[in-house]
Amino acid sequence: MTPLLSAAGVTAAILVWAAVTVAGVVPAQTLPGPAPVAARILTLLTDREFYEQFLDTLTTWVLALGITGVVAVPVGLLIGYFAFLRRPTELVIHGLRSVPSTALLPVAILFFGLGLQMKFAMVAYAIIWPLLLNTAYGVRSVDPTAMYVARSLRWSTPRSLVGVVLPSAAPGIASGFRIAGGIGLVVVLSAELLGASRGIGTVLVRYQQSDQPDFVYAGIVLVGALGILLQYTLGQLELRLIPWSPAAR
Amino acid sequence: MVTGRPLGPRAAARGWLERPIRVLGAIWLAVVLLVAWELKFRPGESVFMPPMSAILGAFVQQWFVLDPGQLFVTDHFQTNAVPSLLRLAQGWTIAAAIGIGAGLVLGIWRPALAFLNPLIRFGMSTPSTALLPIVIVVFGITSSMNVALIAMGSTWSVLINTIDGVRSLDPTMINAARSLRLGRSAFFWRVLLPSASPQIFAGLRISLGIALILMVVSELYAATSGIGHVMVFAKTTFRFVDMWSAIVFVGVLGLLLNGLFGLVEARVLRWKLESSRGAGGS
Amino acid sequence: MTDALLAVDRLSKSYATRAGTIKAIDEISFTVRPGEFLSIVGPSGCGKTTLLMLLAGLLPVSGGTVRVRGLEVRGTPPNMAIVFQDYSRSLFPWLTNERNVALALHGARLSKAEARDRTYKALAEVGLTGFERIYPWQLSGGMQQRVAIARALVVSPEVLLMDEPFASVDAQTRATLEDLLLEVWRQSKTTIVFVTHDIDEAVYLSDRVVVLSKGPSHVVTEIQDELPRPRDQIVTKEEPLFAKLRGEVFGLVMGARRHAAEERRS
């Protein structure tokens, strides 16, 4: 029943969209109909250059997520584990994350120019805070009983960190990655929209400035699809790698 | 049992020192970082990175003035910060209203939720900044463009969290309410809404952060006034101190908004915060 | 029976699942006289809670009827109140004890003063005077259940249904609550249907014990409990009749379990 309803919902939305454009309620320049947009989607999907830009965005996203993650998770573990670090770092983190990374775009451009480095820096700055905070939070949710077990087995601190704390914190870390993934995509696109030299965002800007709204809408649909795909992938990874997380049970 | 930790005699004697020590323990890292910045970036060291003292000085000077007649804010503040704040307020309020309203309906009415689910997922996965070109196409370079982008981007978090909050209503609570024979209206206002409110507030908090980001982004891209505009303008005219001053402004604004929100949340959800923290007893 | 307050007639409940229809309750019939204290016991998983939900009108019946004063039950009747097992989830955490209890009077159109009066009286009856302005989760489990009982009593119900109300508290608290319940019952003269898995408790409290079989459950038998009242945790439990009744009920419940286990093995 539910899949039927969902399919009906999508169909209804497209029909309403078509009706609105045909009725001329909104000028065609502002809102092209579903047919031209669908046609443009196909055009884009078969366009070599679009793929290259797409890949550029995706690569930046993956790199930033991976490298920032490698740095953030160990630091986050330490912050979460050692009480004397916890409060001061949380204060600093909350302060710094109040400055949206997009506000630092001019700075990033000053330092790194308009290329991959700049985008990487922007994404890294944006996602390191949720990664740190969620990792630290994951550490704090470790069951004290599990720690007692480790101590009764006389494990050293590093061994406990890796053997008990890390797996217990893993669901929290995973949720941090999911959030970071979403934010990362937003930031990459922002950087591309606002001045970077390559990436899907630059394509969107170009179409907008050359007054081709149907391409703009097509691009957005594809970006949305990318967003769904990335979130799905992260979710699947979590299920495979962390079967004990509450989300998987 | 109602909990509370008794103080031992030695701790009580040290009591007057405890507060300052705790504050120090929280802020030492922040202070260290600020001092490090000041030491590293002396005047002239880097064009792009002025000393922290210069930034903080400019921050105070540009935005605030010691004049109650002007409500303690400069003209610069009036012409730039106020429009930004207005856009933020309008956009976020719209997002909250739509998010909570639609969220309540969809949370209660399952078929409607199934119907709209793919669209919601699509909407929430689309990075809101990607909508920037579209809102420009539709609204041009006006304040409405900023408000629209903020509203469109921040409503998802509220919507989804509201739906979650409604759907996670405990079945035992529902049975209890039914056994008390509460009418529809009483059930909605006295059971459903309070039960969902922690989740709704969580969604509102996240959406506030997103709204702030979108406010800045939309103004960086295309605006003739506003904080983002100030940032871009300062950068293109090589007045980097002004640029950093605007960045600090956004940061402070973010902290303030979060803090205010936290206060309101703590008041409304008093029962939740304490019940999660307190023990249930035997 | 014409003087029955609560009449259950060939009550059945089935669920549709992917594996087919599962019958949880198979034609249960019994009656409850006004002022009676009736316990329902049975092996784990026999559907005691389901039965209570049916009596309360919170689940739709698949067959048969539940009648209170001759009227068929559809949704909880106004003269019925229920105490659930999980007090932490049946009391509302955003309301103080006072407000939780007062909520039961919501539809009664009383003046504010009268509602407040009755609320305070109900809380006093369960020994919680002074705790009105406190939230339930600030109290221990036993005290929370008292709030739930107060909420049930404040409407002066004719029928009080209780679903294993003392299962989630420790043994000592349970004894205190059992005696509190007997006292409250004695004073209010209400009718109580008490579901429990604790056979000692059933024998200690009731006038009559209904024993259910393993699911799909039916009534195995009803046992009259004529231990002298008022009952006492020490004296009553030393009576030879107590041991006899206890053994009888225990054997029936265990027998029902063994029977079901044998059925599964064959």
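The values are calculated or read from the model by the stated rules, or taken from the named source; none is laboratory data. This is a predicted model, so every value here is computed, not measured. Cβ: placed from backbone, ideal geometry, glycine included. Neighbour counts: every protein chain shown.
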Among residues belonging to region A:124-142 that are within 12 Å of chain B (Cβ to nearest Cβ) and hydrophobic (A, V, I, L, M, F, W, C), point out the one that is nearest to residue B:235 (Cα to Cα). A:126
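Yes or no: residue B:123 at pLDDT 90 or above and in a helix (DSSP H, G or I)?
Against the criterion (at pLDDT 90 or above and in a helix (DSSP H, G or I)), residue B:123 does not qualify.
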Those residues of region A:35-73 which are under 30 Å from residue B:22 (Cβ atoms) and modelled with pLDDT under 90, in sequence order: none
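Residue C:56 - would you say it is within 8 Å of another protein chain (Cβ to nearest Cβ) and within 14 Å of the chain's Cα centre (by Cα)? Full working, then the answer.
Working: within 8 Å of another protein chain (Cβ to nearest Cβ): yes; within 14 Å of the chain's Cα centre (by Cα): yes.
Criteria met by residue C:56.
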Identify, by number, the condition in (1) farther than 23 Å from residue A:234 by Cα; (2) in contact with an Asp or Glu (Cβ under 7 Å, 6 or more places away or on another chain) that residue A:111 doesn't meet. (2)
Within region C:12-27, does at least one residue satisfy the condition of being touching a Phe, Trp or Tyr at 6+ places or on another chain (Cβ under 7 Å) and closer than 25 Å to residue C:226 by Cβ? no
Does region A:205-220 hold any residues that are in a helix (DSSP H, G or I) and without any contact (Cβ under 8 Å) to a residue 60 or more places away in the chain, and which are they? A:205, A:206, A:207, A:208, A:209, A:216, A:220
In region C:85-113, which residue that is more than 10 Å from every other protein chain (Cβ to nearest Cβ) and charged (D, E, K, R) is nearest to residue C:143 (Cα to Cα)? C:98
Within region B:99-147, which residues are buried (at least 21 other Cβ atoms within 10 Å of the Cβ) and closer than 17 Å to residue A:230 by Cβ? B:126, B:127, B:128, B:129, B:130
Regarding residue B:150, is this residue among the hydrophobic types (A, V, I, L, M, F, W, C), in contact with a Lys or Arg (Cβ under 8 Å, 6 or more places away or on another chain) and crowded, with 24+ Cβ neighbours inside 10 Å? yes
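A quick yes/no check of all residues on (1) touching a Pro at 6+ places or on another chain (Cβ under 9 Å); (2) part of a loop (DSSP other than H, G, I, E, B); (3) at pLDDT 85 or above; (4) on the phi > 0 side of the Ramachandran plot:
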position: B:27; (1), (2), (3), (4): yes, no, no, no
position: B:62; (1), (2), (3), (4): no, no, no, no
position: B:91; (1), (2), (3), (4): no, no, yes, no
position: B:134; (1), (2), (3), (4): yes, no, no, no
Identify the single condition in (1) buried (at least 22 other Cβ atoms within 10 Å of the Cβ); (2) away from chain B (no Cβ under 14 Å) that residue A:189 does not satisfy, given that it satisfies every other one. (2)
Where residue A:119 falls short, out of the listed (1) within 14 Å of chain B (Cβ to nearest Cβ); (2) over 24 Å from residue B:240 (Cα atoms): (2)
Please state which of the following conditions residue A:99 fails to meet, knowing it meets all the rest: (1) among the hydrophobic types (A, V, I, L, M, F, W, C); (2) outside any helix (DSSP H, G or I); (3) more than 8 Å from chain B (Cβ to nearest Cβ). (3)
If a residue must be β-branched (Val, Ile, Thr) and under 17 Å from residue B:117 (Cα atoms), how many such residues does region A:1-38 contain? 5
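Considering only strands (runs of 3 or more DSSP E) fully contained in region C:132-212, which possess at least 1 residues that are in contact with a Lys or Arg (Cβ under 6 Å, 6 or more places away or on another chain) and in contact (Cβ under 8 Å) with a residue 12 or more places away in the chain?
C:191-195
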Quick test of your reading of the structure: residue B:201 fulfils all but one of (1) away from chain A (no Cβ under 14 Å); (2) in contact with a Phe, Trp or Tyr (Cβ under 7 Å, 6 or more places away or on another chain); (3) more than 30 Å from residue C:156 (Cα to Cα). Name the failing condition by number. (2)
Mind checking which pairs have a first residue in region B:107-136 that is more than 7 Å from chain A (Cβ to nearest Cβ) and without any contact (Cβ under 8 Å) to a residue 12 or more places away in the chain and a second that is in a helix (DSSP H, G or I) and buried (at least 20 other Cβ atoms within 10 Å of the Cβ), Cβ under 8 Å, 6 or more apart or different chains? B:112/B:106
Tell me, please, whether a residue that is within 19 Å of residue B:153 (Cβ to Cβ) and of a type in the set (Asp, Glu) can be found in region A:141-150. no
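Quick check, is residue A:58 under 15 Å from the mean Cα position of the chain (by Cα) and either surrounded by 14 or more Cβ atoms within 10 Å (Cβ to Cβ) or farther than 28 Å from residue A:14 by Cβ (or both)?
In short, yes.
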Go through region A:199-249 and count every residue that is of a type in the set (S, T, N, Q), out of contact with any Asp or Glu (no Cβ under 7 Å at 6 or more places or on another chain) and more than 18 Å from residue B:128 (Cβ to Cβ). 5
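One line per residue, one yes/no per condition, for (1) surrounded by fewer than 17 Cβ atoms within 10 Å (Cβ to Cβ); (2) free of Cβ contacts under 8 Å to residues at least 40 places away in the same chain:
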residue: B:171; (1), (2): yes, yes
residue: B:184; (1), (2): yes, yes
residue: B:190; (1), (2): no, yes
residue: B:199; (1), (2): no, yes
residue: B:207; (1), (2): no, no
residue: B:210; (1), (2): no, no
residue: B:214; (1), (2): no, no
Read through the list (1) part of a helix (DSSP H, G or I); (2) away from chain B (no Cβ under 11 Å), then give the number of the only condition that residue A:196 fails. (1)
